[in-house]
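Values quoted throughout were computed directly from the atomic coordinates according to the rules given, and no laboratory measurement underlies them. Fair warning: this is a prediction, and the values are worked out from it, not measured in the lab. Glycine gets a Cβ as well: all are built from the backbone with ideal geometry, and neighbour counts include every protein chain shown.
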DNA sequence: ATTGATATTGAAAACCATTTTCAATACATA
DNA sequence: TATGTATTGAAAATGGTTTTCAATATCAAT
């Protein structure tokens, strides 16, 4: 876990006139130490164990907050619910998603990113954000089909 | 409208042991003649005018059917609902989406697609499908900000 | 420290796009 | 033309997410 993630949240909150709370800090810590691509419910279940008092709604609210604060990325794959992942300051990555077993593999590719910028430029478009997902079969699922 | 879209649907239905119905044909025709990236509700409203008897659920059901039949692509952008677009046999394209005015610009880029295949290959992954969306500001919205 | 204003919380209810249910109807095969 | 069943429309249900609301906690000012 990044040393100052909790601080980073505090700063964001202070800057917005919002308040630091123990729940927010606790949720953030569990979020960071948990695996990637968690849904709100998955995080809720993990948070419940060490902090049984925390409610469902607070987890939802905190995840949105973390996204606003730049500490999390919000992603909607095709499985019906929103997943969040902890966002290190500068890494951007995309996803390979197995349609059979649900495995999610991350990748980065600068050349693709560069070509995206070309496309945007040609269309007088200013990119703030992007999303690239390749759906298909992972190595394992190709064998065991 | 492609000459034989209705036929194409009929063939799919027959092949699956399903039935052709006037509603399905009517919805398909409105779907094709309407603009792209329609939500179920938007299509429902357009279908209502010439065919007031058709119900909401039937539009939903037919859109899923068209997707299964290969006549439509189902896409979830970040605005909360599923959008469909008529799928010509072989074109694949991706999207630039304006976060301010909601405009959707389509583009194709073979070099990006080729690089995607490279990434997949390196990860022993077999791509069935992909999705690339660039979110940002369109030319107009950059000016009028 | 104490107070006061108000942001936040947990639980339950509300939301809302989408799906399902169900009785009535329409399609396709014999 | 009759028969079995897929399909329909309307309404209810579903399910992830958001909102409501009274109780509580935070923080700035005292």
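Taking only the range A:100-122 into account, find how many residues are within 9 Å of chain B (Cβ to nearest Cβ) and surrounded by 16 or more Cβ atoms within 10 Å (Cβ to Cβ).
Count: 8.
Working only within the range B:119-145, note down all residues that are in contact with a helix residue (DSSP H, G or I) (Cβ under 9 Å, 6 or more places away or on another chain) and closer than 21 Å to residue A:139 by Cβ. Let's see the steps before the verdict.
At the first step, the residues of the range B:119-145 found to be in contact with a helix residue (DSSP H, G or I) (Cβ under 9 Å, 6 or more places away or on another chain) are B:119, B:123-127, B:130, B:132, B:134, B:136.
Of everything in the range B:119-145, those that are in contact with a helix residue (DSSP H, G or I) (Cβ under 9 Å, 6 or more places away or on another chain) and closer than 21 Å to residue A:139 by Cβ turn out to be B:119, B:123, B:124, B:125, B:126, B:127, B:130.
If you scan the range A:55-75, which residues turn out to be within 14 Å of another protein chain (Cβ to nearest Cβ) and either away from DNA strand D (no atom under 12 Å from the Cβ) or at positive phi (or both)?
A:73, the sole residue that qualifies.
Scan B:70, B:15, B:53 and give me the residue that is more than 9 Å from DNA strand C (Cβ to nearest atom) and within 15 Å of the chain's Cα centre (by Cα).
Numbers: B:15 fails: within 15 Å of the chain's Cα centre (by Cα); B:53 fails: within 15 Å of the chain's Cα centre (by Cα).
After ruling out the rest, the residue left standing is B:70.
Any chance the range B:26-40 includes a residue that's loosely packed, with under 15 Cβ neighbours inside 10 Å and within 12 Å of DNA strand C (Cβ to nearest atom)?
Within the range B:26-40, not a single residue is loosely packed, with under 15 Cβ neighbours inside 10 Å and within 12 Å of DNA strand C (Cβ to nearest atom).
Collect the residues in the range B:56-74 that are in contact (Cβ under 8 Å) with a residue 40 or more places away in the chain and crowded, with 16+ Cβ neighbours inside 10 Å, keeping them in residue-number order. Full working, then the answer.
We begin by selecting, within the range B:56-74, every residue in contact (Cβ under 8 Å) with a residue 40 or more places away in the chain; these are B:65-66, B:68-72.
If the condition is that a residue be in contact (Cβ under 8 Å) with a residue 40 or more places away in the chain and crowded, with 16+ Cβ neighbours inside 10 Å, then B:65, B:66, B:69, B:71, B:72 are the ones that fit.
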